[in-house]
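J.: Before I ask anything, here is the structure I am working with.
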Amino acid sequence: MPSVAPWGAADREVPLVAREALEAPYVLLSFQHPEVARSARAGQFVMIKPSASSDPLLRRPFSVLHADPAADTFTLFVKPVGPGSAGLAALRVGERARCLGPLGRPFRAPSPERDALLVAGGYGIAPFLLLCRELGREGRSARVFYGGRRTADLQLRERFAELGVPLVAATEDGSLGHAGRVTEALEAHLDGASRPSELLACGPDAMLHAVARIAARRGLPAQVSLDPWMGCGVGTCLGCVVRTQEADAPRPRYRCACTEGPVFDAASVLWPGESESFARARGAAV
Amino acid sequence: MSRLAVEFAGIRFKNPLIAASGTFGYGVELAGVVALHKLGGFVSKGLYLQPRDGCPTPRIAETPSGLLNAIGLQGVGVKAFVAEVLPQLRDCGTQVLVNVCGDTVEEYAEVTRVIDGAPGVAGVEINISCPNVKKGGIAFGGDPVMTREVVSAVRRVTRLPVIPKLSPNVTDIALFAKVCEEAGADGLSCINTLLGLAVDVERRRPKLAFGTGGLSGPAIRPVAVRMAWQAARAVKIPVFGIGGIASAADALEFLIAGCRAVQVGTANFADPCLYDALLAGLLDYLDRHGLQHIDEVVGTLQYPGGDA
């Protein structure tokens, strides 16, 4: 039996119990893992690796897409992009993986006075299905802005429709929804919105930075889920740190994305190319 | 577990498996996930007098069977460690060693003084081999004169066992091992990471923001076994073998080559719960070879042509 951490995580060898191929190369993988199934929150992740082989050496972080406490299973949304994700995507039902989770700080529910606007780029959609369910349980709704290069990058759209969550699509090739960037569709919505909003975003760094700029310009709170290279997932390797400047801190510091994130207050993140003094001024203004 | 108990530099470990510095945080991060009391001990992340930011990002890159890192010894500083972390480790059931760093010889001694007065510390590992800092680290461990100075300075201010961690980025590690022994070291840790460079070919830049980094993991194991073997032959004090250990067989390579105990490093990231399998594997080895105690394995390498 694995021991379970006070924070609810456990390391287990878990069987793959279901595999659903979506439009290639995307795949949904469901594993049996009671602790993740019962306690994973939107934005949390697992560190997972299919074999004991030393190549690739490290586990990879994946956001939890769905958790089913009744079946003790959880589901990952995987796009094979490198050896870690490819090895995982190649697993067959019954084969096992080493899996530690749930890990990290989840998204905070936006304040009730604000509309929850979820902004996803590509497989950054992963945490938002769980988030929509969490908000739904509190009788709250959300709106999803989902962008990618082409229609095939926008998987799982119908799952949001099933939850009754409105979804605005954006594709750079114009094949679906708004032709252009997802942040343009977001801004068009914000221009016409009658209620204040909070932005919750997950996707490529450039998109997250754009969301952070929009939030700062419009004085909106924003949470971003970052995805740096991660070594351990538990705060021991210090490889995944993010430079942040909190409003009440005298100077910037490095925070672990695995234990103090992956969800950060967008205003606190020092984005690539930003000066520390600029971030400090912004932190003081928000 | 007494068949695996070892004495090293005056420290009694319940087994020869110690988690290596920089791969196990301050021992509290994995509480509940890893049963600390199953380990022989662990070595803290390197500590300076003051808190330290470390290197810019990216800090890590995966390489074939290896991990290249330039963390730059980010840490809370020795005073916060003593005040806030050590009390949490009071009943952890394993030996706590502290990895001591410094920009100057005086800082190494000062950090050691703080540790020497703190309860619950079994020994001091001296970091004279970190490749990812501009001062201290390998700047000291790559120079026998500076090595002697740092080890002597630390020796003078503590009665705790003193264990310098040696760099593999030298031509003759035996020379450094002897210098440490003469300067009063009680044991040695061999080896720290190998200096490496990984290139992002699209951007034509190093993959790590610091530039070069330290290579660890199974990729370095044969180099590590060779250097630990050379060091162990050169001195009478015991040696921790370190470098790419992920299985009982890996640990046995170092023990057979002459190391009294081993440290497990990068494998803590890939599989934090590997200690059960390692311990079972060591006991299985003793059974298969008709041995009573792990000490009977140490230094039994039958090297071709004899041990010159």
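The values are calculated or read from the model by the stated rules, or taken from the named source; none is laboratory data. Predicted model only: the values in this text are computed from it and were never measured. For neighbour counting, all protein chains shown are included, and Cβ atoms are generated from backbone atoms with ideal geometry for every residue, glycine included.
Matching residues to (1) within 21 Å of A:C258 (Cβ to Cβ); (2) free of Cβ contacts under 8 Å to residues at least 40 places away in the same chain:
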position	(1), (2)
A:T73	no, no
A:A86	no, yes
A:L100	yes, no
A:P112	no, yes
A:D115	no, no
A:Y123	yes, no
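J.: Does A:G139 count as over 18 Å from the mean Cα position of the chain (by Cα) and either over 30 Å from B:G32 (Cα atoms) or of a type in the set (A, V, I, L, M, F, W, C) (or both)?
T.: Numbers: over 18 Å from the mean Cα position of the chain (by Cα): yes; either over 30 Å from B:G32 (Cα atoms) or of a type in the set (A, V, I, L, M, F, W, C) (or both): yes.
Yes.
J.: Here is a follow-up. From A:D205, A:D227, grab the single residue that is within 14 Å of chain B (Cβ to nearest Cβ), touching a residue at least 60 places away in the same chain (Cβ under 8 Å) and either surrounded by fewer than 18 Cβ atoms within 10 Å (Cβ to Cβ) or over 30 Å from B:E29 (Cα atoms) (or both).
T.: Details: A:D227 fails: either surrounded by fewer than 18 Cβ atoms within 10 Å (Cβ to Cβ) or over 30 Å from B:E29 (Cα atoms) (or both).
From the options A:D205, A:D227, the qualifying one is A:D205.
J.: Now for a different question. Restricting attention to segment A:259-282, which residues are modelled with pLDDT of 75 or more and assigned to a helix (DSSP H, G or I)? Break it down stepwise before answering.
T.: Step one: filter segment A:259-282 for residues modelled with pLDDT of 75 or more, giving A:259-274.
If the condition is that a residue be modelled with pLDDT of 75 or more and assigned to a helix (DSSP H, G or I), then A:A266, A:A267, A:S268 are the ones that fit.
J.: Looking only at segment A:24-56, count every residue that is within 13 Å of chain B (Cβ to nearest Cβ), more than 24 Å from A:E134 (Cβ to Cβ) and either at pLDDT 95 or above or surrounded by fewer than 21 Cβ atoms within 10 Å (Cβ to Cβ) (or both) and tell me the total.
T.: 6
For (1) crowded, with 20+ Cβ neighbours inside 10 Å; (2) closer than 20 Å to B:F8 by Cβ; (3) touching a residue at least 40 places away in the same chain (Cβ under 8 Å), each residue gets a yes or a no:
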| site | (1), (2), (3) |
| --- | --- |
| B:R148 | no, no, no |
| B:S152 | no, no, no |
| B:I163 | yes, yes, yes |
| B:A174 | no, yes, yes |
| B:T193 | yes, no, yes |
| B:E202 | no, no, no |
| B:A209 | no, no, yes |
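J.: Could you check segment A:237-258 and list, in sequence order, the residues that are assigned to a loop (DSSP other than H, G, I, E, B), facing chain B (nearest Cβ under 9 Å) and without any contact (Cβ under 8 Å) to a residue 24 or more places away in the chain?
T.: Matches in segment A:237-258: A:C237, A:L238, A:G239, A:C240.
J.: Could you please find all residues in segment A:248-268 being basic (K, R) and closer than 14 Å to B:Q74 by Cβ? Full working, then the answer.
T.: We begin by selecting, within segment A:248-268, every residue basic (K, R); these are A:251, A:253, A:255.
Once the filter is applied, which keeps residues that are basic (K, R) and closer than 14 Å to B:Q74 by Cβ, segment A:248-268 yields A:R253, A:R255.
J.: Only residues in segment B:264-288 that are within 14 Å of another protein chain (Cβ to nearest Cβ) and without any contact (Cβ under 8 Å) to a residue 40 or more places away in the chain count as the first member; pair them with residues that are crowded, with 24+ Cβ neighbours inside 10 Å and assigned to a helix (DSSP H, G or I), Cβ under 6 angstrom, at least 6 apart or cross-chain, and list the lot.
T.: Partner pairs satisfying both residue conditions: B:L274/B:A267.
J.: Here are the criteria: (1) basic (K, R); (2) under 28 Å from B:I60 (Cα atoms); (3) part of a strand (DSSP E or B); (4) away from chain B (no Cβ under 14 Å). Tell me which single one A:R12 does not satisfy.
T.: (4)
J.: Within the group B:D103, B:D91, which residue is among the acidic types (D, E), free of Cβ contacts under 8 Å to residues at least 12 places away in the same chain and in a loop (DSSP other than H, G, I, E, B)?
T.: Working: B:D103 fails: free of Cβ contacts under 8 Å to residues at least 12 places away in the same chain.
Answer to the selection: B:D91.
J.: Also, quick follow-up: When only residues in segment A:57-94 that are away from chain B (no Cβ under 14 Å) and among the basic types (K, R) count, which is surrounded by the most Cβ atoms within 10 Å (Cβ to Cβ)?
T.: Filtering segment A:57-94 down to residues away from chain B (no Cβ under 14 Å) leaves A:62-80, A:88-94.
Checking the rest, the ones that are also among the basic types (K, R) come to A:79, A:92.
Numbers: A:K79: 17, A:R92: 7.
Across segment A:57-94, the extreme among qualifying residues is A:K79.
J.: Of the residues A:A126, A:A97, A:A109, A:A90, which single one is under 16 Å from A:I48 (Cα atoms) and out of contact with any Phe, Trp or Tyr (no Cβ under 9 Å at 6 or more places or on another chain)? Spell out the reasoning first.
T.: Values: A:A126 fails: out of contact with any Phe, Trp or Tyr (no Cβ under 9 Å at 6 or more places or on another chain); A:A97 fails: out of contact with any Phe, Trp or Tyr (no Cβ under 9 Å at 6 or more places or on another chain); A:A109 fails: under 16 Å from A:I48 (Cα atoms).
Residue meeting the stated conditions: A:A90.
J.: May I pose another question? Among the residues of segment B:29-45 satisfying the criterion of being charged (D, E, K, R) and more than 7 Å from chain A (Cβ to nearest Cβ), which is farthest from B:C92 (Cα to Cα)? Give the derivation first.
T.: Our first condition is that a residue be charged (D, E, K, R); within segment B:29-45, this holds for B:29, B:38, B:45.
Filter once more, so that each one left must be more than 7 Å from chain A (Cβ to nearest Cβ): B:38, B:45.
Numbers: B:K38: 10, B:K45: 17 Å.
If we take residues in segment B:29-45 being charged (D, E, K, R) and more than 7 Å from chain A (Cβ to nearest Cβ), then B:K45 is farthest from B:C92 (Cα to Cα).
J.: Name the residue that is farthest from A:W271 (Cα to Cα), counting only residues in segment B:51-94 that are polar (S, T, N, Q) and within 13 Å of chain A (Cβ to nearest Cβ).
T.: Keep residues of segment B:51-94 that are polar (S, T, N, Q), which gives B:57, B:63, B:65, B:69, B:74, B:88, B:94.
Next, only the ones that are within 13 Å of chain A (Cβ to nearest Cβ) stay: B:57, B:63, B:65, B:69, B:74, B:88.
Numbers: B:T57: 12, B:T63: 27, B:S65: 31, B:N69: 22, B:Q74: 20, B:Q88: 35 Å.
Taking the candidates together, the pick is B:Q88.
J.: B:G102 fails exactly one of the following numbered conditions: (1) in contact with a Phe, Trp or Tyr (Cβ under 7 Å, 6 or more places away or on another chain); (2) within 11 Å of another protein chain (Cβ to nearest Cβ); (3) not polar (S, T, N, Q). What is the number of that condition?
T.: (2)
J.: Of these, B:G241, B:G258, B:G217, which one is modelled with pLDDT of 95 or more, in contact with a helix residue (DSSP H, G or I) (Cβ under 9 Å, 6 or more places away or on another chain), surrounded by 16 or more Cβ atoms within 10 Å (Cβ to Cβ) and within 14 Å of chain A (Cβ to nearest Cβ)?
T.: Numbers: B:G241 fails: within 14 Å of chain A (Cβ to nearest Cβ); B:G258 fails: within 14 Å of chain A (Cβ to nearest Cβ).
Step by step, each of B:G241, B:G258, B:G217 is checked, and only B:G217 is modelled with pLDDT of 95 or more, in contact with a helix residue (DSSP H, G or I) (Cβ under 9 Å, 6 or more places away or on another chain), surrounded by 16 or more Cβ atoms within 10 Å (Cβ to Cβ) and within 14 Å of chain A (Cβ to nearest Cβ).
J.: Looking at (1) buried (at least 23 other Cβ atoms within 10 Å of the Cβ); (2) under 25 Å from B:A209 (Cβ atoms); (3) more than 14 Å from chain A (Cβ to nearest Cβ), find the lone condition where B:Y48 falls short.
T.: (1)
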